[in-house]
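Q: My structure is below; once you've seen it, I'll send some questions.
The values are calculated or read from the model by the stated rules, or taken from the named source; none is laboratory data. Just so it is clear, the model here is predicted, and its values are computed rather than measured. Cβ placement follows ideal geometry from the backbone for every residue including glycine, while neighbour counts extend to all protein chains displayed. Each accessible area value is taken on the protein alone, full model and side chains, heavy atoms only, with ligands, DNA and RNA left out. Shrake-Rupley method; radii C 1.70, N 1.55, O 1.52, S 1.80 Å.
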Amino acid sequence: MILLHLESLSRQITKSDLLALLTSVGGLEPHRVGRIDLRVGEAVIEVPDNWQTRLVKALDGQMLRERRMRVWAESPPDSDATSEHFERLTRLLELESRAEDQETRERGRRLSDADAERAGTSLVDLVITDEETGLGGRLVLQLAKRNRSPLPWTRLGVGSPVVLSPDAAKDATGRRAVVCERAQGSLRIALGSMSDDLAEHETWRLDLSNDEIAVQRQRAALRRARLARAERLAQLRDVLLGRRPPEFDPEREEPILTPGLNDPQRQAVQFALAARDVALIHGPPGTGKTTAVVELIRRAIRRGEKVLACAPSNLAVDNIFERLLAAGERAVRLGHPARVMADLRAHTLDLLVEDHPDVRLARKLVKEAMGLFRQAGRYTRARPLPGARQETRQEARSLLADARRLEAQAVEHILDTADVLCATTTALDRELLGTRRFGLGVIDEACQSTEPGCWVPLQWCHRLVLAGDHCQLPPTVISPEAAAEGLGVSLFERLIALHHQSIARSLTVQYRMHQAIMDFSSREFYGATLTADASVQKHVLAGLPGVVATDFTRSPVEFIDTAGAGFDEEVEPDGESRLNRQEAALVCRKVQKLLDCGVTPGDIAVIAPYAAQVRLLREQLSVPGLEIDSVDGFQGREKEAVIITLVRSNPQAEIGFLQDVRRMNVALTRARRKLLLVGDSATLSGHPFYRRMIEYFDALGAYGTIWEE
């Protein structure tokens, strides 16, 4: 027997419904149907070996109880290598999930309320100051400090998954929610479900949470890819695993839709459009990778294709989504509205559905149905006629069924009329997308996603384009065991290693950095192939309005060596992170010098590789608009002036995770006009990368010592 999978089923479906479907539509005799395993929204059915192809063909896409099904047959993998690859990824995914859960639990046990807030993972002593229904019918709560003081610095940003729990009841079950707005003195969260006991507790706490649903979707996608056979997903799987080479059509010239597209961008787009299976767009810092991705999507739409555009983070998805809307494309954003930028929420599926005429009518039907249910349950002095209450309840159920049908029709209409759907890779819902197929799937910032995340959108795509830079930050992996076994190797990076440059095109003109800021990274990571566009090649801080022209604002790069000055690192009390107080004090002086020269706080960033140094600097530099964060926090960002404090200074020349030079590549390429580094050359120079970096600054005449300050 072969296992037949039916997905996107209505919750009201019964085994009898499925048996009737197999016989009436599939033509299979009832006695030949094996076991039926019915779960929420899906079913697995045993069918004869030689029936799977005809049943998939007959049933896939059929409507059942106003839901369009997705049907596929499970077959053993064609090779042990295929099975091993996906079983390994699944095992690593489970290791990572357990590590995330353990970290959350240990943080809750280890840290006091004050320390949890200081770490940025929790907010405590909160009160509910307002509640309303919004964001697609969800309950939205506004929370503020009980004493109405400003909120401390926190990692709980818009879109963060959180758990809301009573402050006084440590063991109480929390409610999952998503942060949808954040202000200086309050934040707003959207609860996953309504709650009727909010008045029972006076104060509340919020804790950063992991995303369980995302793990479930990745696990299901890996299983789906492992068992796929005789379908497009199986063909793509063979290419992505190196079992057959990717194929390309001849490139063809087409009208350029984005004004000012340079030659490398144009060539990368044409190459990606010619791919039959998969192509990579390699975009080093500042080279306009997302511009090329948007051009690619728009060209595919002009060819008549539907596009699924994804990225691992909501911010990256919103970046693409915003540009597509600005270009006039018919794009719809999937996912929780609270995780979408406020200016874009009106274009999310949830809010578009709420505003649809059919759904407004459905809301009226629901209200009428609720009234009928109340009427049927109300006691009256007059004895109702036999069967009257049953008839009233049946009428109410009929109205609810009509309302559900109208809502489903509205969702289908919105999705069907969109040319491009935008979502994070793990926000794609099988129940929502159903049997839809997309000619092109695009994953931007693909190097920041673990490989399991990339297999989620592949279930709906005919071909795939990955855009990213494997020379910058890899995916974040918490589990040391999973990292050691390769979970931190993205699909993009693995494909580069597998096929080299035969499936990739690189962008080489960058529009962010002064040439002196760019050159070191270009040599170290990109084979000296990057060139600075004329618009940025020589720009410095002195060219900004209101900035005083001095030697300090005219120089684009600077390294201050603290060797021999006793700027020793230390381990944070009650923690494992590291800080350097003397370096922090020097950074504060340099920030003040920038401000004195007329550089605005919003144009300055301070980057530290260690969280303890970030926390110390935030305590010492209370300047509105000034951003201080870790390297990871600045991925994909830029500022006019960037100061980097490298922290490490010790007699053993130990540099810890500064050895991950890709992380340093990110830090070095965030600045547009001024890059200033502070570090101990005696500690750093033991590593060849940092030795070459210091030599580079020295060759430019940009090397100085703390004794010259």
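Q: What size of dipole, in debye to the nearest 20, comes out for the range 272-321 about its Cα centre when the only charges are +1 on Lys and Arg C-beta atoms and -1 on Asp and Glu C-beta atoms?
A: Dipole size: approximately 220 debye.
Q: Here's another thing I want to ask about it. For the chain, build the charge dipole from Cβ charges (+1 Lys, Arg; -1 Asp, Glu) around the Cα centre, then report which of Gly185, Gln62, Val140 sits farthest towards its positive end.
A: In the chain, that residue is Gln62.
Q: For the ranges 447-458, 28-39, 555-566, 422-433, what's the packing order if you count other beta-carbon atoms within 10 Å of each residue, average per peptide, and put the highest first?
A: Answer by packing, highest mean first, reads 447-458, 422-433, 555-566, 28-39.
Q: Counting only protein heavy atoms and a 1.4 Å probe, tell me what percentage of the chain's accessible area is made up of carbon and sulfur.
A: Here it works out to 49 percent.
Q: Can you give me the accessible area per residue for the range 484-629, using a 1.4 Å probe, in Å²?
A: That works out to 41 Å² per residue.
Q: Would you please state the base-10 log of I(q)/I(0) at q = 0.05 1/Å for the chain, with intensities from the Debye formula using one equal scatterer on every alpha carbon?
A: -0.29
Q: Would you mind putting 629-639, 256-266 in packing order, based on average other-beta-carbon counts within 10 Å, highest first?
A: With the highest mean Cβ count within 10 Å placed first, the list reads 629-639, 256-266.
Q: Further question: Can you tell me the dipole magnitude for the chain around its Cα centre, using point charges on the Cβ only (Lys, Arg +1; Asp, Glu -1), in Debye to the nearest 20?
A: Its charge dipole is roughly 2380 debye.
Q: Return, ordered by residue number, the residues of the range 7-30 whose backbone nitrogen is under 15 Å from a label point located 7 Å along Cα→Cβ of Glu231.
A: 7-9
Q: Heads up, I need the accessible area for Asp416: 1.4 angstrom probe, whole protein in place, Å², nearest 10.
A: Asp416 exposes around 90 Å² with every protein chain in place.
Q: Alpha carbon centre of the range 212-241 versus the range 425-493: separation in Å?
A: When both Cα centres are located, 11 Å separates them.
Q: Return the sequence-ordered ³J(HN,Hα) values of the range 113-123 in whole Hz as given by the Karplus equation 6.51 cos²θ - 1.76 cosθ + 1.60 applied to θ = phi - 60°, using x for Gly and Pro.
A: Going residue by residue, I get 4, 5, 5, 5, 5, 5, 6, x, 9, 8, 10 Hz, with x marking Gly and Pro.
Q: Normalise the Debye intensity by I(0) for the range 584-709, one equal point scatterer per Cα, no solvent, then take log10 at q = 0.09, 0.11, 0.20 Å⁻¹ and round to two decimals.
A: -0.24, -0.36, -1.26
Q: Per residue of the range 473-479, in order, report the coupling 6.51 cos²θ - 1.76 cosθ + 1.60 (Karplus, θ = phi - 60°) as ³J(HN,Hα) in whole Hz, putting x for Gly and Pro.
A: Per-residue couplings from phi come out as 4, x, x, 7, 10, 8, 6 Hz.
Q: Ordering Arg65, Arg662 from largest to smallest accessible area (1.4 angstrom probe), what's the sequence?
A: Arg65, Arg662
Q: For Phe248, what residues show an amide H to amide H distance below 5 Å, using hydrogens built from the backbone and excluding near sequence neighbours?
A: Those lying under 5 Å, H to H, from Phe248 are Arg276.
Q: Can you tell me the order of 700-709, 123-132 when each peptide is scored by its average per-residue count of other Cβ atoms within 10 angstrom, highest first?
A: Descending packing order for the listed peptides: 123-132, 700-709.
Q: Using 0.36 nm times the number of residues separating Asn147 and Arg91, minus their current alpha carbon distance, what extension gain do you get?
A: Taking Asn147 through Arg91 to full extension adds about 15.5 nm, to one decimal.
Q: Please count, across the chain, the pairs of lysine residues with Cα atoms under 24 Å apart that sit 8 or more places apart or on different chains.
A: Total qualifying Lys-Lys pairs in the chain comes to 16.
Q: Of the options His499, Ala342, Val162, report the single residue whose Cα projects farthest towards the positive end of the charge dipole of the chain (beta-carbon charges: Lys, Arg +1; Asp, Glu -1).
A: The residue sitting farthest along the positive end of the dipole is Ala342.
Q: Can you check how the C-alpha radius of gyration of the range 20-74 compares to 2.2 N^0.38 Å, as a plain ratio?
A: That works out to 1.06 for the range 20-74.
Q: Express the accessible area of the range 317-360 per residue in Å², computed with a 1.4 Å probe while the remaining protein chains stay in the model.
A: 41 Å²
Q: Let me ask another. Only helical DSSP H runs with n ≥ 4 go in: add -39500 (n - 2.57) per run for the chain, normalise by residue count and round the 222 nm mean residue ellipticity to 500 deg cm²/dmol.
A: That comes out to -11500 deg cm²/dmol.
Q: Shifting gears a bit: Can you give me the distance in nm between label points at Glu66 and Thr476, each placed 7 Å from the Cα along the Cα-to-Cβ direction?
A: The two pseudo-label positions are separated by 4.0 nm.
Q: Would you work out which of Leu406, Ser8, Ser149 lies farthest towards the positive end of the dipole of the chain? Charges go on Cβ: Lys and Arg +1, Asp and Glu -1.
A: Of the options given, the answer is Leu406.
Q: Taking the chain as the reference, fit the longest principal axis to its C-alpha atoms, fit the long axis of helix 357-377 to the helix C-alpha atoms, and give the angle between the two in degrees, 0 to 90, nearest 10.
A: The answer is roughly 60 degrees.
Q: Please compute the contact order of the chain in relative form: average sequence separation of alpha-carbon pairs under 8 Å and at least six residues apart, divided by the residue count, as a percent.
A: This gives 11 percent for the chain.
Q: Taking a label point 7 Å from the Cα of Asp49 along the Cα→Cβ vector, which residues of the range 1-36 have an amide N closer than 19 Å to it?
A: What the label zone holds, given the 19 Å backbone N cut-off, is 1-5, 29, 32-35.
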